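Asker: Next up is a structure, given as structure tokens.
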């Protein structure tokens, strides 16, 4: 594996400074992607650090020998951290002072909390008319649920309509894995921020940006939602024993692994598929010859295919299906994904250094620029680690810094300051 190298000096967002007043995943993971692209992302944390630091993955049966949360490292790499007590009378005032030197204010504070702290979009833009004010919420900033807290499981997965369509009947609807909606919303945040920065380049004016987990879920489910808008009835959940299309379905192999066939337009592949499953007579079978003919017999055909796929191992089917030019995928376990040579070839697992963990692999930003994956060589900071250097960079004087610390507005940091803000 190639050694990682520092990219802050060459990142496309070098010179952009972000003040991130957010916790958990969606907004912070957007901040991490911006840091990957060279932005200076200053993470504002409450005294003692944000709660996601202590969200133990062991509760989900992970048992790595590290006391912190590895997912926190993923979503906060490359940042600098400063502790600010927003409940202190001077805390919100400090934030307003800081945003005068900032390009992007990124927060997931609910509207009522922004109002409480005097950090409304209007106040932020008044303090800095060129700033990009970015709000991530569960359900949007308007309407009866604007101030309702929402995690991605609730706002993105359940409320959007996705959950009701997942899982095979008669089982209960499936629960998503952690942060799926958060990381999807983060991509929306990133796109909106980049558009707003471009608009500021053109107009010289700051912009307001809003993204919600609910809207993100609705966009992800958009293909179903637009169909229901045209024909208001609930779509059925997928039933693998009686699918609408047996060539868009999963099958268990002899070694108890799963294969997913993905041929939505099945007719062009039907002759080759019949050869692959050693059923050449099916090609002209009056019950199977076309998609329309297969539909009334889908349960029967699927039952036959289940028996056929159970005859060979996944590796054997991989060779057969590829040889016949068919579209499929193994239903891969994560323990296999982390060893996937395709992922390695595309540098999906860069390495970072951390004083406690040592050298560890993480997941790369999901796009390339100029044939390279943007990235940082800095792990997530300790809470409050960069207080002094951040304050100096924001042009607070020595006496101001001392006063902010003495009053308890700013935390004193958790480790000695390190060169270049590194962890």
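The values are calculated or read from the model by the stated rules, or taken from the named source; none is laboratory data. Values in this document were obtained by computation on a predicted structure and should not be read as measured data. Because the Cβ atoms are built from the backbone with ideal geometry, glycine has one as well, and the counts that use them run over all protein chains shown.
Asker: Out of the helices (runs of 4 or more DSSP H) lying entirely within the stretch 306-412, which hold 3 or more residues that are more than 23 Å from the chain's Cα centre (by Cα), under 27 Å from residue 78 (Cα atoms) and touching a residue at least 24 places away in the same chain (Cβ under 8 Å)? Don't jump to the end; show me each part of the working.
Answerer: Working: elements: 314-323, 334-337, 341-345, 387-393, 398-407.
Counting at least 3 such residues, we get 387-393.
Asker: Here is a check on your reading of the model: is residue 146 outside any helix (DSSP H, G or I), surrounded by fewer than 16 Cβ atoms within 10 Å (Cβ to Cβ) and touching a helix residue (DSSP H, G or I) at 6+ places or on another chain (Cβ under 6 Å)?
Answerer: Numbers: outside any helix (DSSP H, G or I): yes; surrounded by fewer than 16 Cβ atoms within 10 Å (Cβ to Cβ): yes; touching a helix residue (DSSP H, G or I) at 6+ places or on another chain (Cβ under 6 Å): yes.
When the stated conditions are applied, residue 146 passes them.
Asker: For residue 261, indicate whether it is buried (at least 16 other Cβ atoms within 10 Å of the Cβ), under 27 Å from residue 169 (Cα atoms), touching a strand residue (DSSP E or B) at 6+ places or on another chain (Cβ under 6 Å) and at pLDDT 95 or above. Reasoning before the result, please.
Answerer: On the way: buried (at least 16 other Cβ atoms within 10 Å of the Cβ): yes; under 27 Å from residue 169 (Cα atoms): yes; touching a strand residue (DSSP E or B) at 6+ places or on another chain (Cβ under 6 Å): yes; at pLDDT 95 or above: yes.
When the stated conditions are applied, residue 261 passes them.
Asker: In this structure, does residue 161 turn out to be on the phi > 0 side of the Ramachandran plot, surrounded by 16 or more Cβ atoms within 10 Å (Cβ to Cβ) and at pLDDT 95 or above? Working first, answer last.
Answerer: Values: on the phi > 0 side of the Ramachandran plot: yes; surrounded by 16 or more Cβ atoms within 10 Å (Cβ to Cβ): yes; at pLDDT 95 or above: yes.
It is true that residue 161 is on the phi > 0 side of the Ramachandran plot, surrounded by 16 or more Cβ atoms within 10 Å (Cβ to Cβ) and at pLDDT 95 or above.
Asker: Considering only residues that are farther than 30 Å from residue 101 by Cβ and out of contact with any helix residue (DSSP H, G or I) (no Cβ under 6 Å at 6 or more places or on another chain), which ones fall in the stretch 119-143?
Answerer: Those that are farther than 30 Å from residue 101 by Cβ and out of contact with any helix residue (DSSP H, G or I) (no Cβ under 6 Å at 6 or more places or on another chain): 142, 143.
Asker: Could you please let me know if residue 252 is touching a strand residue (DSSP E or B) at 6+ places or on another chain (Cβ under 7 Å), within 28 Å of residue 168 (Cα to Cα) and at pLDDT 95 or above?
Answerer: Values: touching a strand residue (DSSP E or B) at 6+ places or on another chain (Cβ under 7 Å): yes; within 28 Å of residue 168 (Cα to Cα): yes; at pLDDT 95 or above: yes.
Yes, satisfied.
Asker: Among 172, 216, which is in the same structural domain as residue 24 (by TED's automatic domain parsing) and more than 26 Å from residue 121 (Cα to Cα)?
Answerer: When all the criteria are applied, what remains is 172.
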